[in-house]
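Here the structure is laid out as structure tokens; the discussion comes afterwards.
The values are calculated or read from the model by the stated rules, or taken from the named source; none is laboratory data. For clarity, every value in this text was computed on a predicted model and none was experimentally measured. With ideal geometry, Cβ positions are generated from the backbone for all residues, glycine too; neighbour counts draw on all protein chains shown.
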Amino acid sequence: MKFRTMKAVAMAAAAVAAVVGSSSGAQAAAFDGSCNDHEVCNYRLTSYTGGIWDTPGDVSSYVGHYFSSGYTLNDRTSSLKNNADIYDVTHYTDANYSGGWLDTGTNSARASLYTTWDNTFSSHYF
Ligand SMILES: [Ca+2]
């Protein structure tokens, strides 16, 4: 009896260890100035310069957000990267995912948004 109890306890402990061991790795850190895996990254100027704004989530309004350089984000994006592994990202010219829109494929980047989209984006959705 005693041996069987100890074995059951050992098996339970092993099960807990397996759960802990399967926990996911480090998450991408939003707004840390680094364009990490799973993030979309907007830049104030072309060629990924002038300040960065990086996040792994959807954002319905750019109002109240700022590039790392201190510039306001709304209507000020001039280049971008989509480091999401699976999802395309769509940038919109208006808040709440409305207005004109531009899709950028997974693991793609745009060094320049040219005159059509330069300084126009106000929200994005994966
Ligand atoms: Ca980041």
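Within the stretch 69-93, the set of residues being of a type in the set (A, V, I, L, M) and not in a loop (DSSP other than H, G, I, E, B) comprises LEU80, VAL89.
When the stretch 77-126 is filtered for residues that are over 18 Å from PHE67 (Cα atoms) and of a type in the set (Val, Ile, Thr), the ones remaining, listed by number, are ILE86, VAL89, THR90, THR104, THR106, THR115, THR116. The residue of the stretch 12-61 that is farthest from the ligand (Cβ to nearest atom), among those that are β-branched (Val, Ile, Thr) and modelled with pLDDT of 95 or more, is THR46.
Taken over the stretch 95-112, the residue count meeting the criterion of being farther than 21 Å from ASN36 by Cα and surrounded by 15 or more Cβ atoms within 10 Å (Cβ to Cβ) is 4.
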